Amino acid sequence: MVFRADLHIHTVLSPCGDLSMSPEAIIETALARNLQIIGITDHNSTLQAPLIAQIAAEKGLAVYCGAEITTREETHCLSYMPDIDSLGRLQDYIESHLLRIPNNIDKFGYQLVVDRDENIVLEYPWLLISAIDQGIDQVAAFVHSLGGLFIPAHVTRPMYSLVSQLGFIPPDLNADALELSKHTSNIAFANGLGRKNKLPVIRSSDAHFVVDIGQNFSEFEMESPSFDEFKMVLKAIGGRRIVS
């Protein structure tokens, strides 16, 4: 079976995420745009993801829960966890390494965790778009120690990407794939980076607004939308593959 996935979506928790990015709005929009899998990847936080996964499961939509971590190099990296326990441990790891810079709401926007009815249950105090004090190799190692997946985000973007921050993709980087966003203009070049580094390439929307959800996506040929199947897709096991 082929499953359509947008694995880079922000919620009201991300300071740059629009306040319309509530759990219900994200799920309903994803379903309306024929997505079978979404990834919830707020900046340096996993706190909104479990509720979205719970609601989505009731409606037949699979969710990969994780975060978009900003490493010490100021490189954005997507990290996905296999279960709620490992997701909580990732949250603890991020919290222990996040710089305690107070969020400036007027400058950066709100950082909210909401419930199913969109009531605010937490206003996160520390700025989530700052870098943590861990380097890219340290983050990758921790994510993999929990059975998670580590995918550098929007790798050719002129800001906060591997190419912009390091100037290249390290040949020994322990990543599971590379991600392209809608901001990538030269798809052939970006795919060439993946081939050069022997890494699969996925595409995602990096949605901060409802209108952006599903504007860029990947299609995976696999047996089910489970996390384990996605792992096997990235390794091209048993005929599983990235279709587009």
Which one, Leu162, Gly148, Tyr110, projects farthest toward the positive side of the charge dipole computed for the chain from Cβ point charges (K/R +1, D/E -1)? Leu162
Measure out, as a whole number of angstrom, how far apart the alpha-carbon centroids of segment 202-224 and segment 2-30 sit. 10 Å
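By how many nm would the segment from Leu166 to Phe108 grow when fully extended, if each residue of separation counts as 0.36 nm and the alpha-carbon distance is taken off? Spell out each step's value before the answer.
Details: separation 58, 0.36 × 58 = 20.88 nm, distance 2.55 nm.
Extra length from Leu166 to Phe108 when fully extended: 18.3 nm.
Are there any chymotrypsin sites (Phe, Trp or Tyr not before Pro) in segment 62-147 that are in a DSSP loop and have at most 12 other Cβ atoms within 10 Å? List them by number. List each step's numbers first, then the result.
Details: sites: Tyr64, Tyr80, Tyr93, Phe108, Tyr110, Trp126, Phe142; in loops: Tyr110.
Passing sites in segment 62-147 do not exist.
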Segment 2-242 - convex hull of alpha carbons, volume per residue in Å³: 115 Å³
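Where nothing but the Cβ of Lys and Arg (+1) and of Asp and Glu (-1) is charged, how large is the charge dipole of segment 77-182 around its Cα centre, in debye to the nearest 20?
Details: 6 positive and 14 negative charges, 79 e Å.
My answer is approximately 380 debye.
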Two-site label geometry, Ile84 and Glu221: point separation in nm, points 7 Å out along Cα→Cβ: 3.6 nm
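When a footprinting reagent is the concern and you count Cβ atoms within 10 Å, what order do Val201, Val163, Val121 take, fewest first? Before the final figure, lay out the partial values.
Working: Val201 21, Val163 18, Val121 11.
In increasing order of surrounding Cβ atoms, one gets Val121, Val163, Val201.
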GNM top mover of Lys198, Lys107, Lys59 - the chain, alpha-carbon springs below 10 Å: Lys107
Compute the distance from the alpha-carbon center of segment 59-85 to that of segment 97-114, in whole Å. 19 Å
Which listed residue (Thr11, Leu47, Met232) has the Cα farthest towards the positive end of the charge dipole for segment 2-242, taking +1 on Lys and Arg C-beta and -1 on Asp and Glu C-beta about the Cα centre? Met232
Mean-square fluctuation maximum in Gaussian network of the chain, Cα pairs under 10 Å, restricted to Cys16, Cys77, Cys65, hits Cys16
Connecting every pair of Cα atoms under 10 Å apart in the chain and solving the GNM, the largest mean-square fluctuation among Glu28, Glu68, Glu219 falls on Glu28
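Sorting Glu123, Glu229 on the 10 Å Cβ count, fewest up front, what's the list?
Values: Glu123 12, Glu229 20.
Ascending number of Cβ neighbours within 10 Å: Glu123, Glu229.
Using only DSSP helix segments of four residues or longer, with each worth -39500 (n - 2.57), what per-residue ellipticity at 222 nm results for the chain after dividing by its residue count and rounding to 500?
-8000 deg cm²/dmol
Every number in this text was worked out from the coordinates using simple rules, so none of it is lab data. The structure presented is a predicted model; accordingly, all values stated were derived computationally and were not measured. With ideal geometry, Cβ positions are generated from the backbone for all residues, glycine too; neighbour counts draw on all protein chains shown.
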